[in-house]
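Asks: Just passing along the structure, written as structure tokens.
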Amino acid sequence: MKKNILSIVLLLLVSVSFAQKSQRIAYIDMDYILQNIPEYLEAQNALNAKVEKWKKQLDKEARSIEVLKTDLANEKAILTKDLIDEREEDIRVKQEALRRLESLYFGPRGDMFNLRKQLIQPVQDQVYNAIQDIASRKKYDFVFDKSSDLVMLYSNKKHDISDLVVKLITIDQKQQAKKDKIAAKKELLKDGGLTEQQQELQAKKEELKQQKISEREARIKQIEEKRQARLKAQAEKRRLLKEKRDALKKAQEDKKAEDNKESEENK
């Protein structure tokens, strides 16, 4: 329905335009353009790799929770109420942590959104800027994207400016790379390298980075210590429970043996 409406709008625009005066119209294939920009492909591959890593992490956590649920179901009959409550609480905490992690990765403003914006948005901006530049220089009245929802019933190849967009972006990137290289050389030659202020700023950044790493490692260590303590307490409770079961079983066996002995003696 949406495509049909857009097609009608396009036809009306073209009809009205040609009825009024001769209009210059061009079109591009956004998919083709992006696939011919190495920076976009690298950014997309980096994003896909990160997404795959996040999905594996979520799957790992989900499987871990399922194992805990299965273990609890299998051992529920021999556990005390306190142990059952403790395990159920542990499962609830892990499920909530999994939901938060999933939201952190794939939420509306999550890591995926931010990484896509960081990696891909600059390339898309380059494309749009190139299209505007070409349309302005060649005095196009309309530029359509044939890879979008807009259906093009007919398109003459001579109006396709996709290659021109790719060429312009490539030229701009080479010029920018050349400027960056020259600027970097000038900066290095200036006073024989980094200024004292730049060195101080860099040292502060590195110190802050190391501080964050240390704090993160300390938090991870604290979490792991708590987890180990909890596991140790659970193992101790299970050991005591087993000892009680074994003692009860032995007492029952001794009682049975004593009863059998008395029965034999009475005969």
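Asks: Return the residues of region 99-122 that are assigned to a helix (DSSP H, G or I) and among the basic types (Lys, Arg); say none if nothing qualifies.
Replies: Residues satisfying the conditions are Arg99, Arg100, Arg116, Lys117.
Asks: Against the condition open to solvent by 80 Å² or more (accessible area, probe 1.4 Å) and either polar (S, T, N, Q) or touching a Gly at 6+ places or on another chain (Cβ under 7 Å) (or both), how does Gln118 come out, does it pass?
Replies: Taking the combined requirement at face value, the residue satisfies it.
Asks: Picking from Ser155, Ser148, which residue would you name as being open to solvent by less than 90 Å² (accessible area, probe 1.4 Å), in contact with a Phe, Trp or Tyr (Cβ under 7 Å, 6 or more places away or on another chain) and modelled with pLDDT under 75?
Replies: Answer to the check: Ser155.
Asks: Within region 87-102, track down each residue that is under 11 Å from Leu58 (Cα atoms) and loosely packed, with under 13 Cβ neighbours inside 10 Å.
Replies: If the condition is that a residue be under 11 Å from Leu58 (Cα atoms) and loosely packed, with under 13 Cβ neighbours inside 10 Å, then Ala97, Arg99, Arg100 are the ones that fit.
Asks: Considering only residues that are without any contact (Cβ under 8 Å) to a residue 24 or more places away in the chain and within 18 Å of Asp31 (Cα to Cα), look in region 125-136 and name the one that is least open to solvent (accessible area, probe 1.4 Å).
Replies: The extreme case among them is Asp125.
Asks: Quick one: Ser22 ticks every box in (1) open to solvent by less than 90 Å² (accessible area, probe 1.4 Å); (2) modelled with pLDDT under 90 except a single one, so which number is it?
Replies: (1)
Asks: Additional query: Restricting to region 25-72, what's the tally of residues that are of a type in the set (A, V, I, L, M), crowded, with 16+ Cβ neighbours inside 10 Å and over 30 Å from Leu83 (Cβ atoms)?
Replies: 10
Asks: Can you tell which of Glu262, Glu253, Glu206 is open to solvent by less than 100 Å² (accessible area, probe 1.4 Å), over 24 Å from Asp71 (Cα atoms), without any contact (Cβ under 8 Å) to a residue 60 or more places away in the chain and more than 39 Å from the chain's Cα centre (by Cα)?
Replies: Among Glu262, Glu253, Glu206, only Glu262 is open to solvent by less than 100 Å² (accessible area, probe 1.4 Å), over 24 Å from Asp71 (Cα atoms), without any contact (Cβ under 8 Å) to a residue 60 or more places away in the chain and more than 39 Å from the chain's Cα centre (by Cα).
Asks: What about Ile134, is it more than 30 Å from Leu58 (Cβ to Cβ), modelled with pLDDT under 85 and β-branched (Val, Ile, Thr)?
Replies: No.
Asks: Find all pairs meeting these conditions: Cβ atoms under 6 angstrom apart; at least six residues apart or on different chains; first residue within region 152-175 and within 16 Å of Asp31 (Cα to Cα); second residue open to solvent by 50 Å² or more (accessible area, probe 1.4 Å) and modelled with pLDDT of 70 or more.
Replies: Met152/Lys146; Ser162/Tyr32; Val166/Asn36; Ile169/Gln126
The values are calculated or read from the model by the stated rules, or taken from the named source; none is laboratory data. Keep in mind the model is a prediction, meaning the values are calculated, not measured. Counting neighbours? That spans all protein chains shown, and the Cβs are built from the backbone with ideal geometry, glycine included. These area figures cover heavy atoms from the full protein model, side chains too; ligands, DNA and RNA do not enter into them. Shrake-Rupley method; radii C 1.70, N 1.55, O 1.52, S 1.80 Å.
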